[in-house]
Amino acid sequence: MRFIKQFLAVAAVAVVGGQAVAAVNDNNWLKLVFGLLTAALAIPVYAWVVRRTERRAPTEVAREGGAGRLLLGMLIGILMFAAVILNIAFLGGYHVHGMGSVPGALGLLGFMAAAAVTEELLFRGILFRIIEERIGTWLSLAMTGLAFGGMHLVNPDATLWGAAAIAIEAGFMLAACYAAFRSLWVPIGLHFGWNLALGAIFSAPVSGNGASKGLLDATFSGSSLVSGGDFGPEGSLYTIGAGIVLTVVFLWLAHRRGTIFPRRRRATGAQPTATVSQ
């Protein structure tokens, strides 16, 4: 029951915010504002519904240390995709023709902030965390990662390959990130930094949603295994490789910190927690 209440509360914010952003899609400034408002509203709604349904403080979105964790995640996400794009460019698959659109990049920033926050709350904060209490970290990581990849099949240029790539490089990796830090701020920052670099900076298609108009006027060419094709660089073997590396690193860190839980846990409403430091 708590899962349903939490999921519906955050999903309502995501749907209403998404519709508001879509309604002003041609106005980048309003798109930025509505996207940021959606992201800002989703966090307190999540915290409120967790308090009401689990009778505990939502430490996974605690303000203390949140800014530092958010910035850490953003740095990881941006550097990850900068490395991917550089490798694609090295093989001749990425071409910059000049400067793109600053307003377009700002509009994408708002949209991506809303997407990163709401998706992390739904998939890592609710789905992964609650399933983990029942079946442990490993199975929860696998199940929610596949669900996250499958969600992207509804995108306009989606493919089975692209959805599988998202499951491996993002679904598994972001769950592992949460398991390592037991804070949603890091995966939120990573998800946002990833999308920010991908769409708003490098003007690449994001998860099969078509070309982005970011800071650079750029195009892709060549093998879809390198560039990701119409789905975007998230379908590239480079991205899958980078995601696997980060997943291993996060799981190693979680193991070191003792925050991997392989056994069934009692349904007490308390999440697996551990005192960790950065």
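We did not get these values from a lab; they are worked out from the coordinates using the rules stated. This one's a predicted model, so the numbers in the text were calculated from it and none came from an experiment. Don't worry about glycine lacking a Cβ; one is built from the backbone with ideal geometry, like all the others, and counts go over all protein chains shown.
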Next item on the list: Find the relative contact order for the chain and round it to a whole percent, using C-alpha pairs within less than 8 Å whose residues are 6+ positions apart.
Entry: 25
Check: Extension gain Arg55-Leu160, at 0.36 nm per residue separation less the Cα-Cα distance, in nm?
Finding: 33.8 nm
Margin query: Here are a few candidate values for Cα extents along the principal axes in Å: [x] 63, 49, 42; [y] 56, 37, 32; [z] 80, 61, 37. Which one was actually calculated from the structure I just gave you?
Written below: [y]
Item checked: Estimated inter-spin distance, Val249 and Leu8, nm [label 7 Å along Cα→Cβ] -> 4.1
Next item on the list: Add +1 for every Lys or Arg and -1 for every Asp or Glu among the other residues with Cβ under 13 Å from the Cβ of Ala113, and state the total.
Entry: -1
Notebook entry, point to check: So who's got an amide H within less than 5 Å of the one on Ala218, skipping anything under 5 residues away but keeping other chains? H placed 1.01 Å off N, in plane.
Noted result: His97
Notebook entry, point to check: In nm, what is the difference between 0.36 nm times the number of residues separating Leu139 and Ala83 and their Cα-Cα distance?
Noted result: 17.2 nm
Item checked: Residue exposure sequence - Asp230, Asp26 - by fewest surrounding Cβ within 10 Å -> Asp26, Asp230
Margin query: As an exercise, use a Förster radius of 35 Å and the Cβ-Cβ distance of Ala211 and Ala147 to find the FRET efficiency, rounded to the nearest 0.05.
Written below: 0.85
Checklist line | Charge dipole (region 2-257, unit charges on Cβ, about Cα centre) - positive-most of Gly229, Gly171, Trp161 | finding: Gly171
Check: Hey, what number do you get for the chain at 222 nm if only DSSP H runs of n ≥ 4 count, each worth -39500 (n - 2.57), divided across all residues, to the nearest 500?
Finding: -20000 deg cm²/dmol
